[in-house]
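K.L.:
Submitted below is the structure of interest, expressed as structure tokens.
Just so it is clear, none of the values below were taken in a lab; they were calculated from the coordinates. Note that the structure is a prediction, hence the values are computed from the model and not measured. With ideal geometry, Cβ positions are generated from the backbone for all residues, glycine too; neighbour counts draw on all protein chains shown.
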Amino acid sequence: MRSKIIVTGGCGYIGSHTAIELIENDFDVVILDDLSNSTEKTISRIHKITGVTPTFVKVDLKDSLATSKVFETHKDAVGVIHFAAHKAVGESVQKPLMYYKNNFYSLLNTLEAQSEHGINNFIFSSSATVYGTPNMLPITENNETQRPFSPYGNTKKIAEEILDDFTKSSDSFSAISLRYFNPIGAHPSGEIGELPNGIPNNLMPYITQTAAGVRDKLMVYGNDYPTKDGTPIRDYIHVVDLAKAHVIAVKRLLKKEQEESLEFFNLGTGVGYSVLDVINSFEDVTNSKLNYEITGRRDGDVPQLYASTDLAKEKLGWSADRELNDMISSSWNWEQNLRSKQN
Ligand code: UFG
């Protein structure tokens with residue numbers, strides 16, 4: 001019999017790519033999503049790619065009763081991967097209460113509902129933002145966490161603390177927190193990818209929308225950082241590599257291979273690229289010129305962030321194999337498909 005995994009936020013960017021990898025690894029997938037920042041069309045696109053239609057339930061996980069009901073229906077699930085959360089850094093600064101309410105109510109309701117039904121395995125979608133401004137690079141999982149700049153980031157840090165308390169209080173509950181660096185790219189089919197709501201905050205969707213003519217010009221936030229070309233350095237990782245790591249993490253919990261009841265893993269490539277590196281590679285890959293202008297720094301940006309990937313390699317046997325060019329060409333392919341379909 002197939003093992004059933006509940007994927008909250010499974011119609012979103014990373015959730016949908018993970019649902020595909022789970023299906024391809026013979027898991028039965030149940031997607032819970034409130035569609036607040038995603039579309040139900042993702043379900044048919046997952047079918048198109050895998051030949052399998054995952055079960056879909058539209059549910060607001062802030063609603064504890066509704067959450068409890070859906071977990072009652074799917075109490076035969078063996079684990080949960082929790083993506084459902086608001087994620088826009090800038091918006092979280094404007095609307096902190098909305099972020100704390102949404103991200104914590106949904107986390108707490110999910111944890112409560114799943115433990116009520118003995119579903120004791122949990123993968124959490126965390127972020128490198130929990131490291132704040134690191135004083136050592138590459139960042140290992142032992143680096144101190146710091147209060148992140150944004151309320152969004154703080155929801156990730158506090159969520160990890162909640163998981164720490166909760167796993168310690170339980171004999172049976174185990175969790176893995178996956179700390180993403182900068183996920184970009186899209187599924188090679190071009191069927192699914194990132195669907196930013198309104199004006200993108202992040203570099204790659206801003207680049208592809210500029211190239212597609214949706215935005216006039218990319219603003220590069222600062223070229224006076226202490227880096228090789230003055231622009232900030234990040235560890236960009238292909239979303240398909242990221243998705244595969246979730247499947248490995250789930251299997252680790254199911255096989256009870258975890259060494260602690262709460263484990264943390266960085267998900268990055270270990271290679272840092274500057275903003276200008278990304279722009280130059282985009283121009284090479286697409287053989288076009290990008291309209292951009294250097295402007296002042298953006299609040300909260302750190303000069304450099306890239307992962308140590310050793311722990312994930314050693315304990316999960318996972319490392320990213322997709323290169324920057326592949327990340328860029330798949331993002332561009334997705335953007336062009338999006339425009340032609342006018343989703
Ligand atoms: N950038 C620009 N112009 C833009 C957008 C971004 O120059 O229009 C620059 C940023 O200043 C930064 C780099 O591109 O130097 C990457 O910015 P992103 O917004 O793409 O990514 P961040 O590293 O700021 O944020 C990402 C995730 C967050 C997470 C954070 C953790 O998107 O969810 O990493 O460090 F909190």
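K.L.:
DSSP loop (so not H, G, I, E, B), at most 13 other Cβ within 10 Å: list which GluC sites (Glu not before Pro) in the stretch 1-52 pass both filters. Write down the numbers at each step before the final one.
P.N.:
Details: sites: E21, E24, E40; in loops: E40.
Here the sparse-neighbourhood loop sites are E40.
K.L.:
Taking H as built 1.01 Å from N, whose amide H comes closer than 5 Å to the amide H of L267, not counting residues under 5 places away?
P.N.:
For L267, the qualifying residues are R179, Y180, F181.
K.L.:
By how many nm would the segment from N325 to L35 lengthen if fully extended, with 0.36 nm per residue of separation less the alpha-carbon distance?
P.N.:
Values: separation 290, 0.36 × 290 = 104.40 nm, distance 3.08 nm.
Between N325 and L35, full extension yields 101.3 nm more.
K.L.:
Still on this structure: So if we plug the beta-carbon distance of T55 and D224 into 1/(1 + (r/R0)^6) with R0 = 56 Å, what FRET efficiency do we get, rounded to 0.05? If you can, show how the numbers build up before the last one.
P.N.:
Details: r = 51 Å, r/R0 = 0.91.
After rounding, the FRET efficiency stands at 0.65.
K.L.:
Let me check I've understood the local charge: for R2, count other residues with C-beta under 14 angstrom from its C-beta, Lys and Arg +1, Asp and Glu -1. What total comes out?
P.N.:
-2
K.L.:
Which trypsin sites (Lys or Arg not before Pro) in the stretch 165-263 sit in a loop by DSSP (not H, G, I, E or B) and have at most 10 other Cβ atoms within 10 Å of their own Cβ?
P.N.:
Counting only loop positions with at most 10 other Cβ atoms within 10 Å, the trypsin sites (Lys or Arg not before Pro) in the stretch 165-263 are K255, K256.
K.L.:
If I stretch the segment between K95 and R298 completely, what's the gain in nm (0.36 nm per residue apart, minus their alpha carbon distance), one decimal?
P.N.:
Stretched out fully, the K95 to R298 stretch lengthens by 71.3 nm.
K.L.:
List, in the order given, every pair from K62/K87; K62/K251; K48/K244; K4/K157; K101/K157 whose Cα-Cα distance in the structure shown is over 22 Å.
P.N.:
Distance filter (> 22 Å) returns K62/K251; K4/K157.
K.L.:
Follow-up question, since we're still on this one. Count the DSSP beta bridges whose two residues both fall in the chain, then state the antiparallel fraction as a percent rounded to the nearest 5.
P.N.:
About 5 percent, rounded to the nearest 5.
K.L.:
Could I ask something else about it? Note down, for the chain, the three equivalent ellipsoid semi-axes (square root of 5 times each alpha carbon gyration tensor eigenvalue), biggest first, whole angstrom.
P.N.:
After diagonalising the Cα gyration tensor, the semi-axes are 31, 23, 19 Å.
K.L.:
As a test of understanding, state the convex hull volume per residue of the stretch 1-134 from its alpha carbons, in Å³.
P.N.:
It is 115 Å³ per residue.
K.L.:
Compute the length gained on full extension between R339 and D284: take 0.36 nm times their separation in residues and subtract their Cα-Cα distance, giving the result in nm to one decimal.
P.N.:
On the way: separation 55, 0.36 × 55 = 19.80 nm, distance 2.14 nm.
Roughly 17.7 nm would be gained on extension.
K.L.:
May I ask for the distance between the Cα centers of the stretch 188-236 and the stretch 124-139, given as a whole number of Å?
P.N.:
A separation of 20 Å, based on Cα centres.
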